[in-house]
Amino acid sequence: MNYKFGLHVEIIFKRGSVKNINKVIKDNNFKKGILISSDRFIKSEYGQEILQLLSEYVKKVHFGISANPTIEDVESATKAIKESDADFVIALGGGSILDCAKISSCMAAMDTNIRYFLENKLEINKNIPVIALPTTAGTGSEVTSVSVISDTHTEDKFPIKSEYLLPKIAIIDPELTLTVPKKVTASSGIDVLSHALESYYSKNNNPISDILAIESVKIVMNNLKNAVNNLDNIEYRENMCQASLLAGMAFSVTGTAACHGISYPLTSKYNIPHGEACGLTQDKVLLLNSKVEFDRIDKLSKDVGYDNVEEFADEIYKLKKEIGLANNLRDYNIKKDELEAIANLCTSLNIFANPYELNKEEILKLLQSIY
């Protein structure tokens, strides 16, 4: 048995911990920062409180990041970071904002732009330190070495991976997620389940990632429905933050697999929210993987409280329905004759990490099964 597991992020997990952010800044000898966030959050009462709290260190705020961060978003954020002359970046928001801030901090440090970086296939070799404050329990981006970027011209969506994309500090304050609406709570929550499941059955799995993934799955299956239906309940929110963190730690090392790989064209071409797009194939992919790795998937199913993988898959299907997410592609006005084109766009390397081999014909069958 051979594996490596490294996570070089300082993690602070505590209700109300955002109120101590100035101490974190001071302890790290940071002098001047830029805040990257969303206009909606910054204009909220909570956002204004945080902005006031940071007034000593943060003189510039940048927002306007798309739901799926684009090359243009990264170029704009990179420019803002460079103009601010910041020695640290605070990323306050959901996964899109965190992903954009992470890659932009690298582009600013390298004094380059994302298009040149991609066209010349450069490697990231430095960054400006990032303090990540997630406001959703979903992506785990606060502890991952990945940023996912979209190209609006080619309709491609691709992950960029580098150790320099890891934030220096992750502050997980469950109170920050109390403002998240029902639909986003559901979508981001099902994304947590995707991260945990895909980490577990990825070909790159290891004993440590398995433990993290299994615990995350347990928490999601026991808390997501309640979190969606009780938006003001801090305990459910806190539990989902914990699940997101654990799943992020797991897949930061293993990567994701088929559900994410298939989700990319669904998001970039049809604007299906990322979490929902990943969730669409969850139960089906779980069953497919059980055909080639029955013992592992059976163990997972039983470890999280189900008699067998069929029961587990049924519960995932029911969970999606109960929290208001779709289980078929028809709900997104996708036509049946478009499925083959979608299958042809599923070229992400994530798919090759899946234990059940999915070529274009198999992906088409999978898409047809959820139409």
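The values are calculated or read from the model by the stated rules, or taken from the named source; none is laboratory data. Keep in mind it's a predicted model, so treat the numbers as computed, not measured. Cβ coordinates were reconstructed from backbone atoms using ideal geometry, including for glycine residues, and neighbour counts include every protein chain displayed. For the accessible areas, the whole protein counts, side chains as well, though only heavy atoms, and no ligand, DNA or RNA atoms are used. Shrake-Rupley method; radii C 1.70, N 1.55, O 1.52, S 1.80 Å.
Some values worked out for this structure:
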| read-out | value |
| --- | --- |
| Helix 360-369 vs. the chain, principal-axis angle (Cα, 0 to 90°, nearest 10) | 80 |
| Antiparallel bridges, percent of DSSP beta bridges restricted to the chain (to nearest 5) | 25 |
| Sequence of R296, R15 from largest to smallest accessible area, 1.4 Å probe | R15, R296 |
| The chain, helix-only ellipticity at 222 nm - DSSP H runs n ≥ 4, -39,500 (n - 2.57), divided by all residues, nearest 500 | -16000 deg cm²/dmol |
| Span from the the range 333-371 Cα centroid across to the the range 5-48 one, whole angstrom | 39 |
| Magnitude of the charge dipole, the chain, Cβ model with Lys/Arg +1 and Asp/Glu -1, debye to 20 | 600 |
| Computed FRET value (nearest 0.05) for R15 with D337, which takes r as the C-beta separation and R₀ as 56 Å | 0.65 |
| Net charge over other residues, Cβ less than 12 angstrom from the Cβ of I363 (K, R count +1; D, E count -1) | -1 |
| Mean accessible surface per residue for the range 243-285, computed with a 1.4 Å probe while every protein chain stays in place, in Å² | 17 |
| Separation between Cα centres of the range 137-171 and the range 260-302, rounded to whole Å | 19 |
| Sequence of T267, T152, T179 when ordered by accessible area, the most exposed leading, probe 1.4 angstrom | T152, T179, T267 |
| Accessible-area composition of the chain, carbon plus sulfur, in percent [1.4 Å probe] | 47 |
| Sparse-neighbourhood loop sites, trypsin sites (Lys or Arg not before Pro) in the range 304-371 - DSSP loop, at most 10 other Cβ within 10 angstrom | K335 |
